[in-house]
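The block underneath contains the structure these notes are about, expressed in structure tokens.
Values in this text are rule-based calculations from the coordinates and carry no lab data. Everything numeric here is computed off the predicted structure, so don't read it as measured data. Every residue, glycine among them, receives a Cβ derived from its backbone with ideal geometry; neighbour counts consider all protein chains shown.
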Amino acid sequence: MGVVVADALNPSNVRSRRAWDVAAAVPDPEIPVVTLADLGILRSVECDDDGAVTARVTPTYSGCPATQLIEQMVLEALKRDGFDNVRVESVMSPAWTTDWISAEGREKLRDFGIAPPVKASNSIRALFGETAVSCPLCGSEDTERISEFGSTPCKALYRCRTCLEPFDYFKCL
Amino acid sequence: MSDDLFRYVLRLADDHLILGQRLGEWCGKAPSLEEDLALANIGLDCLGQARALYAYAGKIEGKGRDEDDLAFLRPEREYCNALLVEQPNRDFAWAIARQFYFSAYMLPFWRAMAKSTDDDLRAIAAKAEKEVAYHLRHSAEWVIRLGDGTEESRRRMIEALEELFIYTGELFEMDAVAHAMVSEGVGVDASALRDEWRRTVDGVLAEAHLTAPEAAYDQSGGREGRHTEHLGHLLSELQYMQRAYPGLEW
Ligand SMILES: [Zn+2]
């Protein structure tokens, strides 16, 4: 278990870090502007002394059809980079939450036109709570929800009343 | 213990597979594009929850059956879903009423399950609880919109809520398997969720200016594999590919 001991000169640590960088840079198949690391989907990458790599990813929404594709993409990226013995595991616990999306990831989403999840929102606990979502295009907070379910399981449809553009909201989980 | 746990997890998996299949039937023919997306998305959540549960059930059973074997290769009498989820989509109001009753039950169920002593169930529950909150909100909004809408939408909403009500009691039944799981700290005491469920249902129906139905009797049997006529038809469609071409993969 290479990364446990922080020895920068240990070759398996160097390889672990390299493997992490490769897996971390894999783009999300549905929102390619953000990486798996940005989304907090990549949990750990370990390279043992024999060079075997174990990458652990966590599923996002239960119904996300991209989960298997993501595992496949991590596998292929690592193999392309010269790691021959690669295993990708799916870890369920602790459950992924949108709070794990990095600050950088949130900015990338906004630049792409997707409003990032309202952080630590407890709105879904209130039966009819509306979340105040600001428009990723003009910044206005005068927006309305069109539908809680959008083009992928992670998105809701909103509309801006100021610039009148429709936009996706990466909903809170 | 492990046999009870297998059956307990399988019930939950079956509930979600069958409901997911019913929701999928709307794909391409829901009343609006937004609803087409919404029902398909909710169906996908159910399917995803079912997959995680089947995979875990297969692991507990330890006979080499995977999620696909459990989902596609059992006869009707071995499915132990609640009768509510297999009820057909007579119209949009039926789909909404079924979802509303079920989600109002699953929300407190998953919340309680998130404190289970079982690691796998706890992880599945933590995610599912947040997803079901969206499902409940979606169906509750439609109950209000249809119930407090036109004369026709109101008539249909009332009919669906009343017709499906006899299947809700089964959700709260506790049998030997469920009791065993509760005493292990693994399962949820479903009977204790009834008051909260009733409060949620009554609150939303009051908002829709509807009165909550009372059941003259409860229809049950799903947990023991005694189903309504509708499950067989659903399974013949669900299992068609594996029955016609055994072992087919793509
Ligand atoms: Zn705007």
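One table, with the values for the structure above:
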{"read-out": "Choice from A:ALA156, A:ALA115, A:ALA95 showing the highest fluctuation, given a GNM over chain A with Cα pairs closer than 10 Å", "value": "A:ALA95"}
{"read-out": "Lone cysteines, chain A (no partner Cβ under 4.7 Å)", "value": "A:CYS47, A:CYS64, A:CYS154, A:CYS172"}
{"read-out": "Residues B:TYR217, A:TYR158, sorted so that the one with the fewest Cβ neighbours within 10 Å comes first", "value": "B:TYR217, A:TYR158"}
{"read-out": "Calculated over chain A: convex hull of Cα atoms, volume per residue (Å³)", "value": "119 Å³"}
{"read-out": "Long-range amide H partners of A:LYS155 with built H, under 5 Å", "value": "A:GLY150, A:LYS171"}
{"read-out": "Using θ = phi - 60° and Karplus 6.51 cos²θ - 1.76 cosθ + 1.60, couplings along the range B:63-75 (whole Hz; Gly, Pro as x)", "value": "10, x, 7, 9, 4, 5, 4, 6, 6, 10, 10, 10, x"}
{"read-out": "FRET E, pair B:LEU73, A:ARG87, Förster distance 22 Å, beta-carbon r, rounded to 0.05", "value": "0.20"}
{"read-out": "Packing-based exposure ordering (other Cβ within 10 Å, fewest first) of A:THR35, A:THR97, A:THR162", "value": "A:THR162, A:THR97, A:THR35"}
{"read-out": "Potential lengthening between B:SER153 and B:ALA244 on full extension [0.36 nm per residue; Cα-Cα distance subtracted]", "value": "28.7 nm"}
{"read-out": "Residue among A:LEU39, A:LEU109, A:LEU69 with the largest mean-square fluctuation in a Gaussian network model of chain A, springs linking Cα atoms under 10 Å", "value": "A:LEU69"}
{"read-out": "Computed E for B:HIS179/A:ARG145 - FRET, C-beta separation, R0 35 angstrom, nearest 0.05", "value": "0.25"}
{"read-out": "Nonlocal amide H pairs with A:PHE167, under 5 Å, H built at 1.01 Å", "value": "A:TYR158, A:ARG159, A:CYS160"}
{"read-out": "Sorted by Cβ density within 10 Å, fewest first, the residues B:ARG11, B:ARG65", "value": "B:ARG65, B:ARG11"}
{"read-out": "Shielding by other protein chains, B:40-48, mean Cβ within 10 Å", "value": "5"}
{"read-out": "5 angstrom amide H check on A:VAL118, placed H, neighbours 5+ away", "value": "A:CYS172"}
{"read-out": "Nearest-0.05 FRET efficiency for B:THR228 and B:SER191, computed from C-beta distance (R0 25 Å)", "value": "0.65"}
{"read-out": "Fluctuation leader among A:VAL91, A:VAL133, A:VAL57 - chain A, Gaussian network, Cα springs under 10 angstrom", "value": "A:VAL91"}
{"read-out": "Cross-link reach list, lysines versus A:LYS155, counting only Cα pairs under 30 Å and skipping chain neighbours closer than eight places", "value": "A:LYS108, A:LYS119, A:LYS171, B:LYS29, B:LYS115, B:LYS127, B:LYS130"}
